[in-house]
């Protein structure tokens, strides 16, 4: 998400700014952008703002833990590095059948806000240690 300046004399470029809006970048004007551009008339004036697609990271260690889905989350990656079967439910443990995430695997959920406000995790055995179940929420689908 670098910042670019339009150094052309007459051309207005359409770029996506850091908020995800398409803006017209007029000659002599600058904007922080969401993407890298390879255009002769656009001069990169700064490496910032830096792009980071991660909107939230949660480490779940206790069974029956609820993780709120971030409003900007378009994709969620659940990484099960434990030796246990992890079960995931949308909004409630009463919402069965659950989604199994077997030991040593991961699962992606795209557009989660379309059908849930939180994820609930249960384990086949005792609690986990930090880093064994990681939930990464992204600003893009996976």
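No value in this document is a laboratory result; all are computed from the given coordinates. Computed from a predicted structure; not experimentally measured. A quick note on method: Cβ atoms are made from the backbone with ideal geometry, for glycine too, and the neighbour counts reach across all protein chains shown.
Please count how many residues of the range 1-10 are closer than 18 Å to residue 46 by Cα and exposed (fewer than 12 other Cβ atoms within 10 Å of the Cβ).
0
Taking the range 1-10 only, how many residues are in contact (Cβ under 8 Å) with a residue 40 or more places away in the chain and farther than 12 Å from residue 39 by Cα?
Of all residues in the range 1-10, those in contact (Cβ under 8 Å) with a residue 40 or more places away in the chain come to 1-5.
Keeping just the survivors that are farther than 12 Å from residue 39 by Cα gives 1-3.
Residues meeting the conditions: 3.
Please enumerate the residues belonging to the range 82-92 that are part of a loop (DSSP other than H, G, I, E, B) and in contact with a strand residue (DSSP E or B) (Cβ under 7 Å, 6 or more places away or on another chain).
Across the range 82-92, the qualifying residues are 82, 84, 85, 91, 92.
Can you tell me which residues in the range 11-61 are in contact (Cβ under 8 Å) with a residue 60 or more places away in the chain and either exposed (fewer than 13 other Cβ atoms within 10 Å of the Cβ) or in a loop (DSSP other than H, G, I, E, B) (or both)? Working first, answer last.
If we filter the range 11-61 for residues that are in contact (Cβ under 8 Å) with a residue 60 or more places away in the chain, which is where we start, we get 53-61.
Answer for the range 11-61, where residues must be in contact (Cβ under 8 Å) with a residue 60 or more places away in the chain and either exposed (fewer than 13 other Cβ atoms within 10 Å of the Cβ) or in a loop (DSSP other than H, G, I, E, B) (or both): 53, 54, 57, 60, 61.
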